[in-house]
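The values are calculated or read from the model by the stated rules, or taken from the named source; none is laboratory data. The model shown is predicted, which means the values in this text are computed figures rather than measured ones. Don't worry about glycine lacking a Cβ; one is built from the backbone with ideal geometry, like all the others, and counts go over all protein chains shown. Protein only, heavy atoms only, side chains kept; ligands, DNA and RNA dropped before computing areas. Shrake-Rupley method; radii C 1.70, N 1.55, O 1.52, S 1.80 Å.
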Amino acid sequence: CARTGVENPDSGLGCYAMTPDDYTTLNAFFDPVIRDYHGADPKAVHVTDWDASDVGENGILDMSKLGLDELSMRVRVGRNLTSFNLPGAMDQAERIAFEKTMLKAFEKLISLPDYGGQVYSLTPDFGNGEKNPNLITMEEYQELVDAHIMFKNMDADPYLKSAGIASDWPYGRGCYVSADKQFIIWFGEEDQLRIMCMKKGTMLNEVFDRLNAGLQVVESIDGIDFATSSQYGYVTSCPSNLGTGMRASVHIKLPNLTKDGTDKKAKKVASPLGLSVRGTGGEHTPIGADGTVDISPRARLFIKEKEIIQKLYDGIALLLKEEKKAA
C-alpha cells in the first residue's frame, strides 16, 4: 500500500488501496491518513447525494450569467467493482478478465439509442490466441489522447509504477466512447473505471445530470456492482479521491492572473476558494497560451456530489472578480 510513498518521497499521500476491502481491513492505517488529508472530523461519515434540483436556479447553473461564453466542461468519477482487485494488485490475467467483463456492459450501452458508440482497446491480445476485436493502433491511441478522450501512457508515471497500477501496460487499458463523444468510460487507469461526461456549452448542470443518468444505466447492468464503504462512500485506489470520486472542471481564460506565463497567481487566488488550477492537459501540464486554465473544486470526501458542482460555479464567480482586479 505504501510502496509508492517509500520510493517517491515527494508523493502527496504516498499510499494506495490494493483491494476494495482495504479501507476496512486496514482501517487503523488508512483512517488517520484519510482524515488528515481531507481535514475531516474523526466521526465524519460520507453521504452521497446527486439530487441537484436545489442548486443554482432550480437546478440550473448557467455560466453565461457569469459573463462566460462557451466552455469546455467535464465531470468525472472514479469507480471500482467489488469483484476485482483494485488496479495496483491486478496481474495481467486479471486485467484482461476485467476488460472482458466490462465489454458486456459496453455492449449494453452501445445498444441503447442515447449512447451507441464504440470501444477502443490497447490490449494486444486476450491470451491463448484470442484476438482483441477492439484493438487500435498506437497512432489511433495518440489521436484519442490528443483529443482528451483517452488517458496518457501510465507506464511513464513513477507514482503509478511504484504502486503497481501501471503494471502490464497496455493490457487491460482502453475506453468506451458514446456516439456523440460526450459520455466516456476509461478502463484500467488509476481506478478500474473513470466515468465521465464532457461537452462544450455554458450549462454546467447538463454535464452533471447526464453523468448521473449514465452512472445509473451502467450500474443497472448485470455484473456491475460498484464498491462502496459505509464510512467513505465510493471506494477509489487513492484515498484522496474517496467519497464522491468526483472531479468537476471547466476551462476558463484568466489572461490577467496568468500574464506572467504561469499559473502561480491564479493558484494563489484559487486556493482559498477551495479550487485547484491545472494546465489544459491536466495535472503537471502547461497553461494555454491565451491564459486558459483548468479549474476544479479540491473536495472529494465528506461532501455531496451536488455540492461539488455548486462550489465550482460559486468559486468561478469569485475567481472572475479577482481576474478583473488583476487587469
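Side notes on the structure shown:
- Translational diffusion of segment 163-222 was estimated from the Stokes-Einstein equation, with Rh taken as the Kirkwood radius over Cα pairs; at 37 °C and 0.692 mPa s the coefficient is 254 µm²/s.
- Spatial separation of Cα centroids for segment 63-88 and segment 134-176, in angstrom: 18 Å
- Projected over every direction and averaged, the convex hull enclosing the alpha-carbon atoms of segment 1-102 yields 10.9 nm².
- Label point distance in nm, ASP10-ASP260, each placed 7 Å from Cα along Cα→Cβ: 2.0 nm
- Across all directions, the shadow cast by the convex hull of segment 97-251 built on its C-alpha atoms averages 10.3 square nanometres.
- Cα pair distances of segment 44-122 binned at 5 Å [whole percent]: 3, 9, 12, 14, 15, 14, 14, 10, 6, 2, 0
- Listed residue pairs exceeding 22 Å between alpha carbons, taken from LYS265/LYS311; LYS253/LYS306; LYS65/LYS311; LYS259/LYS321; LYS253/LYS325; LYS265/LYS324: LYS253/LYS306
- Against the main long axis of the alpha-carbon atoms of the chain, helix 204-219 sits at an angle near 20°.
- The residues of segment 207-327 have, on average, 42 Å² of accessible surface per residue, using a 1.4 Å probe with all protein chains present.
- Longest segment of the chain lacking GluC sites (Glu not before Pro) that sit in a DSSP loop with at most 14 other Cβ atoms within 10 Å: 131-282
- Radius, Kirkwood style, for the chain when every pair of distinct Cα atoms is counted (Å): 20.5 Å
- Residues of segment 79-144: accessible area per residue with a 1.4 Å probe, Å²: 51 Å²
- Derived from the Cα gyration tensor, the three semi-axes of the equivalent ellipsoid of segment 248-304 are 20, 12, 8 Å, largest first.
- Overall, the accessible surface of segment 151-310 at a probe of 1.4 angstrom is composed of carbon and sulfur to the extent of 48 percent.
- Stokes-Einstein diffusion of segment 69-188 at 25 °C, 0.890 mPa s viscosity, Kirkwood radius from Cα pairs, rounded to a whole number: 161 µm²/s.
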